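The values are calculated or read from the model by the stated rules, or taken from the named source; none is laboratory data. None of the values given here were measured: they were computed from a predicted structure. In this analysis, Cβ positions are derived from the backbone assuming ideal geometry, glycine residues included, and neighbour counts consider all displayed protein chains. Just the protein is used for accessible areas: all its heavy atoms, side chains included, with ligands, DNA and RNA removed. Shrake-Rupley method; radii C 1.70, N 1.55, O 1.52, S 1.80 Å.
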Amino acid sequence: AALYRELAAEEARRAEMARLAPFMGKWLWLLFWLIVPSSLASIGSLEVIAAWSPGLYWGATVLGLVCELCYGVILLRLSSEESYYKTAGICCLVLTGINIAAPLFGSNNLLLPMLAIASSVFAVLRIYHEIQAHASVADGMNDELAMYWRSLWKWLLGAYLAVGGSFVLMLFSALLGTIVLICAAIVVLIARIVELVLLYRTAKWFRDYPDE
């Protein structure tokens, strides 16, 4: 009886995977490729680009907002299979709204810091829920990927806490605070690259599932 239950559970898992794989593979693959134009837009929307070529700057800014909007919509589409994607998608759309609204306030010394804080909070919430969503859909299907996703969040959380702590340290030692900030920023950069690699691996695993 125990063996029969195990076989039935394995058969049910395979059936669920066969149903889920085409859907997840399609949308996660789109998420991955959206990061390419989004990254280019981030470079093009730097202030130094604005001084050199205002047209390129505004074009890159619009492209970045469009990519962010599409990213949020896709996350909401994925929420039909995993609820964490819904919160990630909402946070992404809120971030898009903040980025659109920020230039409208010009140099308002009161509102801009508030928008910056809100943007940071929603950005961390989006990253957390998106990573948890990727880990959840991989659970029981590719436990190695799920483990990597959860480990990634621990590294990112530690780095974000270090960034916050570095500003406190700067009140006592500018040099020490700056060193901690640089180290934390390097960890965040490496973790985001790892996130991109994991997203590619997760999307490819779902796309290639019938061939596994």
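Observations, loosely collected:
- Qualifying residue in region 93-115 (condition: touching a residue at least 40 places away in the same chain (Cβ under 8 Å) and in a helix (DSSP H, G or I)): no
- Filtering region 190-202 to residues that are open to solvent by 80 Å² or more (accessible area, probe 1.4 Å) and in contact with a helix residue (DSSP H, G or I) (Cβ under 9 Å, 6 or more places away or on another chain) leaves Ile190, Arg192, Tyr200, Arg201.
- Flag not set for Tyr160, criterion: at negative phi, open to solvent by 40 Å² or more (accessible area, probe 1.4 Å) and modelled with pLDDT of 90 or more.
- Of everything listed in (1) in a helix (DSSP H, G or I); (2) surrounded by 12 or more Cβ atoms within 10 Å (Cβ to Cβ); (3) modelled with pLDDT of 70 or more, the single unmet condition for Glu82 is (1).
- Top-ranked residue of region 116-152 - restricted to ones that are in contact (Cβ under 8 Å) with a residue 24 or more places away in the chain and not in a helix (DSSP H, G or I), ranked as nearest to the chain's Cα centre (by Cα): Asn142
- Close pairs (6 angstrom Cβ cut-off, 6 or more residues apart or separate chains): over 13 Å from Trp149 (Cα atoms) in region 182-195, of a type in the set (Gly, Ala, Ser) and surrounded by 15 or more Cβ atoms within 10 Å (Cβ to Cβ) anywhere: Ala184/Ala159; Ala184/Ala162; Val187/Ala159; Val188/Ala159
- Residue satisfying condition, being surrounded by 12 or more Cβ atoms within 10 Å (Cβ to Cβ), farther than 18 Å from Ala133 by Cα, of a type in the set (Gly, Ala, Ser) and at pLDDT below 80, within set Ala12, Ala18, Ala102, Ala118: Ala102
- Entry remark, region 193-212: residues being among the hydroxyl-bearing types (Ser, Thr, Tyr) and part of a loop (DSSP other than H, G, I, E, B) number 0 in total.
- Test: residue in region 162-178 that is in a helix (DSSP H, G or I) and under 18 Å from Trp27 (Cβ atoms): no
- Test for Ile190: is it modelled with pLDDT of 85 or more, in a helix (DSSP H, G or I) and closer than 30 Å to Gly25 by Cα: yes
- Candidate set from region 55-79 (those that are within 14 Å of Arg126 (Cα to Cα) and in contact with a Ser or Thr (Cβ under 8 Å, 6 or more places away or on another chain)); member that is surrounded by the most Cβ atoms within 10 Å (Cβ to Cβ): Tyr71
- Residue-level analysis places Ile90 outside the set of residues that are surrounded by fewer than 17 Cβ atoms within 10 Å (Cβ to Cβ), over 22 Å from Val197 (Cα atoms) and aliphatic (A, V, I, L, M).
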